[in-house]
2 protein chains.
Amino acid sequence: MQTGRSTSESSTLTAATRMAGSIRMKLELRCVVQGRSRLGVLKGFGRTGQHSLEVPGCLLYTRFGTVPHLTQDTLHTLSNLPSVTQVTLSNIAEHQEVLEEFKDGFRKFAGLHDTVLYCSLHDPAAACPTGYITNQTVSVWGSGGRIELTVAKFMALQKAVQPDWYQSMADGETSQNNTSRKRVRKSVDRTLAHLDECLLVHQKSQELEGVEVFGVVEGGDILEERLRSARETAKRPVAGFCLDGLQTGAMDQTLRTQLITALTKELPEDKPRLLQGVGRPDEVLACVEAGVDLFESFFPFQVTERGCALFFSFDISPDPERAGRAPPAVLELDKQRDTAGATQQNGGLNLDQTQMTSFEINLKDKRYQDDFRPLVDGCGCYCCKNHQRAYLHHLLMTNELLAGVLLMIHNTAHYHGFFSALREALATDKLDLLKRRVLGERGGQTERKD
Amino acid sequence: MQTGRSTSESSTLTAATRMAGSIRMKLELRCVVQGRSRLGVLKGFGRTGQHSLEVPGCLLYTRFGTVPHLTQDTLHTLSNLPSVTQVTLSNIAEHQEVLEEFKDGFRKFAGLHDTVLYCSLHDPAAACPTGYITNQTVSVWGSGGRIELTVAKFMALQKAVQPDWYQSMADGETSQNNTSRKRVRKSVDRTLAHLDECLLVHQKSQELEGVEVFGVVEGGDILEERLRSARETAKRPVAGFCLDGLQTGAMDQTLRTQLITALTKELPEDKPRLLQGVGRPDEVLACVEAGVDLFESFFPFQVTERGCALFFSFDISPDPERAGRAPPAVLELDKQRDTAGATQQNGGLNLDQTQMTSFEINLKDKRYQDDFRPLVDGCGCYCCKNHQRAYLHHLLMTNELLAGVLLMIHNTAHYHGFFSALREALATDKLDLLKRRVLGERGGQTERKD
């Protein structure tokens with residue numbers, strides 16, 4: 001059954017206003033650095049309302065509830081882990097019947113316990129074919145193919161998943177370069193209509209009481225539509241905002257920064273902004289400076305799947321004893337960084353997210369076959385404490401299954417360590433230092449080309 | 001450089017006799033049940049001579065030093081793990097140069113710490129092409145293809161690997177049905193010659209001081225050659241015996257039992273007998289009754305790779321409180337066991353080790369999509385304590401990487417639990433009860449057809 005789209009806007013807004021009072025999630029800003037970079041704590045969410053998440057921060061990326069390769073036990077040997085786990089409907093939708101039969105929600109189904117569950121629409125690390133969106137539906141792609149979602153089905157899924165917060169249904173198909181202004185406008189309209197319908201169903205649903213909704217800001221690369229989308233979404237009783245259609249590959253960082261800077265001015269200060277599909281450290285830094293609070297953490301997974309290890313410095317400590325935290329061996333990296341840089345010259349856009357970036361080293365490279373050092377000197381993760389590059393190299397070359405496990409441990413630890421350093425940098429006014437560290441301050445490497 | 005084969009037998013034996021005094025490994029038998037099943041403790045091995053291993057038992061199967069899918073940390077959440085880790089030259093040979101440069105041996109290279117390292121020739125879970133053995137060499141197959149080993153290269157590898165014990169070089173190419181008597185005799189002769197040469201090099205090598213050597217008993221399916229091989233190998237200063245060419249697929253269990261029963265009479269009581277290539281629980285039981293002490297534990301890995309979970313009872317406890325240890329839900333299994341049984345009717349031989357056996361359930365089966373129970377009720381492994389069959393089913397159907405990790409945890413725990421129960425059964429005179437449990441005592445299922 002489908003909720004009619006004929007609901008008048010006024011009645012929707014009335015219903016929605018009643019809901020607004022029930023939003024418990026709140027972003028407490030500690031400071032705003034250089035005009036826009038926000039440091040703070042997201043509070044009052046989760047079923048008990050007791051959970052919190054520091055921003056800038058990221059959500060824990062999972063596929064079907066699992067951080068790829070890692071058991072919960074292994075995962076929790078890592079520090080700095082976010083308190084919020086992201087699952088996506090594209091992984092879950094095909095299991096709707098089973099979840100409805102199970103009744104206790106996806107968190108329990110997946111054996112997750114003390115985590116807050118955030119449910120998004122698409123998997124940021126998986127390609128989503130375009131051309132399947134209609135006025136009434138969006139499609140997600142699971143292992144069994146396409147699943148078409150009406151608002152009714154979307155909301156039935158949310159009731160089965162029982163997340164703590166979820167992204168409202170959205171038409172985000174605006175990331176192709178030739179998307180017309182008319183199509184972009186339609187995506188904003190549809191996404192607002194979906195949001196209103198979702199909120200109506202949500203409000204009437206006892207199962208979703210206390211669950212937070214994030215509205216989705218669309219608008220492609222058209223500033224005017226971005227502003228309208230932000231402004232209109234902000235009028236609705238949402239707990240926060242997903243910024244969609246700005247992902248890596250959709251546009252270059254300059255345009256992305258301009259759009260985010262402008263649209264976030266239309267959003268309330270005390271609600272979080274989650275940017276979808278951006279994970280590279282350089283892009284994360286630029287987007288935090290534009291006013292983004294939250295990211296998805298799919299990047300370490302992509303790095304792992306190409307047999308690489310995150311390897312960039314985020315050490316902003318003046319304490320020489322802590323200098324070992326993540327200092328790249330500069331000379332060694334130069335050649336590899338150059339190579340990686342060269343592969344990214346596709347008109348400034350890294351359209352293929354499977355390509356290696358300059359923030360990682362390729363452990364399959366022959367140079368590591370007799371390199372008996374840990375991935376990153378001083379890194380405290382299980383992999384770096386127990387294994388050497390040469391061993392990882394050999395595991396990868398012989399396709400041993402542990403390679404992915406060990407790389408995922410390191411990459412997850414390194415990435416969340418970077419976010420931790422980012423918050424520390426904002427708190428201690430060292431953002432510029434952190435940027436130099438992350439982007440590389442060596443001759444010829446100072447300016448990154450993308 | 002190659003050690004000459006012209007060394008006369010007498011001088012070899014003289015040198016060997018000098019070595020015999022240095023064997024520290026000793027099997028202390030606690031009892032011999034029903035004439036041949038041996039219960040005891042293997043003692044006095046490892047570099048310190050302080051390690052021990054209960055028999056009947058198995059070695060920890062690894063590929064390139066790792067239990068597939070599992071980190072050392074995850075592995076050590078399991079109880080009943082053997083104190084001996086098996087690595088194979090087929091995984092390691094191509095990395096000889098790196099290991100020689102590394103200098104500290106494979107145990108340290110692979111990040112293993114408190115384990116005894118046993119180095120075998122071939123990987124029991126990988127096919128080994130035939131037709132490449134010469135008078136002077138055997139070949140192993142790594143990820144980069146074939147590597148031909150002379151005794152000199154084989155021993156150089158042992159010095160680089162630095163195991164605590166290793167299998168001597170052997171010509172085991174007798175497992176095809178049409179192997180001639182002449183070829184079998186040649187395999188016994190060559191294997192004895194290889195052993196003598198290995199012992200000569202070993203004796204002169206300081207690096208290998210304190211390292212134990214297992215001689216290899218060959219002889220195909222010819223009783224006379226099996227007896228000769230056993231008798232001659234037993235004359236050499238070896239710490240124990242590998243029984244080769246008797247693996248699953250090479251012959252049926254009746255013939256295997258006859259050969260093992262006969263040849264073990266030629267072996268000293270106080271030295272262990274390691275059977276290569278046999279892992280199925282029913283075959284393990286039959287071989288223990290024929291006098292085998294040690295097995296390789298590749299079977300749980302094979303089960304994992306086909307998306308299955310070990311699911312058979314080895315509960316011999318009369319204590320109703322412990323009845324939950326591993327009781328199969330009888331009715332549920334019948335259909336699946338029947339199916340599995342049917343696939344094994346290839347003239348009594350299960351030649352394809354990738355085929356499902358009746359000791360496991362196939363989690364990819366649709367029946368598990370809404371089965372919210374653990375894999376095995378009462379199983380204490382991480383997977384069974386935290387996850388349900390339905391979740392495993394969905395992980396497998398969507399190719400999630402955690403599926404292999406979780407299945408490997410359960411299968412490893414279940415398999416080593418079975419060996420633990422086997423020792424308990426021998427100690428408490430309950431072997432017949434254990435056999436009924438393992439083989440299934442239900443109507444029509446009492447007699448297994450292989």
Qualifying positions in the range A:86-115 - in contact with a Lys or Arg (Cβ under 9 Å, 6 or more places away or on another chain), modelled with pLDDT under 95 and β-branched (V, I, T): A:T115
Specify the residue that is surrounded by the fewest Cβ atoms within 10 Å (Cβ to Cβ); the eligible residues are those in the range B:99-134 that are within 11 Å of chain A (Cβ to nearest Cβ) and at positive phi. B:K103
Checking A:A390 against (1) under 24 Å from B:G404 (Cβ atoms); (2) among the small types (G, A, S); (3) facing chain B (nearest Cβ under 10 Å), the condition it does not meet: (1)
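Yes or no, residue by residue, for (1) out of contact with any Leu (no Cβ under 7 Å at 6 or more places or on another chain); (2) in a loop (DSSP other than H, G, I, E, B):
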| residue | (1), (2) |
| --- | --- |
| B:M155 | yes, no |
| B:K159 | no, no |
| B:Y166 | yes, no |
| B:A170 | no, yes |
| B:N177 | yes, yes |
| B:V184 | yes, no |
| B:R190 | yes, no |
Residue, surrounded by the fewest Cβ atoms within 10 Å (Cβ to Cβ), within the range A:140-163, restricted to residues that are among the hydrophobic types (A, V, I, L, M, F, W, C) and more than 14 Å from chain B (Cβ to nearest Cβ): A:A152
Out of (1) surrounded by 23 or more Cβ atoms within 10 Å (Cβ to Cβ); (2) of a type outside the set (D, E, K, R); (3) more than 20 Å from the chain's Cα centre (by Cα), what's the single condition that is false for B:T137? (1)
Taking B:R373 as meeting all but one of (1) modelled with pLDDT under 95; (2) touching a helix residue (DSSP H, G or I) at 6+ places or on another chain (Cβ under 7 Å), write down the number of the exception. (1)
Is one or more of the residues making up the range B:245-255 closer than 23 Å to B:V151 by Cα and buried (at least 24 other Cβ atoms within 10 Å of the Cβ)? yes
Go over the candidates B:L422, B:L407, B:L395, B:L426 one by one and state the one that is more than 9 Å from chain A (Cβ to nearest Cβ) and either at pLDDT below 95 or in contact with a Leu (Cβ under 6 Å, 6 or more places away or on another chain) (or both). B:L426
Any residue in the range B:378-401 that's touching a residue at least 24 places away in the same chain (Cβ under 8 Å) and crowded, with 23+ Cβ neighbours inside 10 Å: show its pairings with residues that are aromatic (F, W, Y) and outside any loop (DSSP other than H, G, I, E, B) at Cβ separation under 6 Å, as long as the two are six or more apart or on different chains. B:H393/B:Y368
For the range B:65-89, which positions are within 10 Å of another protein chain (Cβ to nearest Cβ) and either over 27 Å from B:L42 (Cβ atoms) or not hydrophobic (A, V, I, L, M, F, W, C) (or both)? B:G65, B:T66, B:P68, B:H69, B:T71, B:Q72, B:D73, B:T74, B:T77
Would the range A:203-219 turn up any residue that is in a loop (DSSP other than H, G, I, E, B), under 26 Å from A:S297 (Cα atoms) and within 14 Å of chain B (Cβ to nearest Cβ)? no
Which condition number in (1) modelled with pLDDT of 95 or more; (2) over 26 Å from A:L406 (Cβ atoms) is the one that A:P320 fails? (1)
Residue by residue through the range B:361-377, note down the ones that are under 14 Å from A:E97 (Cβ atoms) and surrounded by fewer than 16 Cβ atoms within 10 Å (Cβ to Cβ). B:K366
Would you confirm whether or not the range B:111-118 contains a residue that is over 23 Å from the mean Cα position of the chain (by Cα) and either in a loop (DSSP other than H, G, I, E, B) or closer than 21 Å to A:F372 by Cα (or both)? no
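The values are calculated or read from the model by the stated rules, or taken from the named source; none is laboratory data. Since the structure is predicted, the reported quantities are computational estimates derived from the model, not experimental observations. Methodologically, a virtual Cβ is constructed for each residue, glycine included, from the backbone with ideal geometry; neighbour enumeration extends over all protein chains shown.
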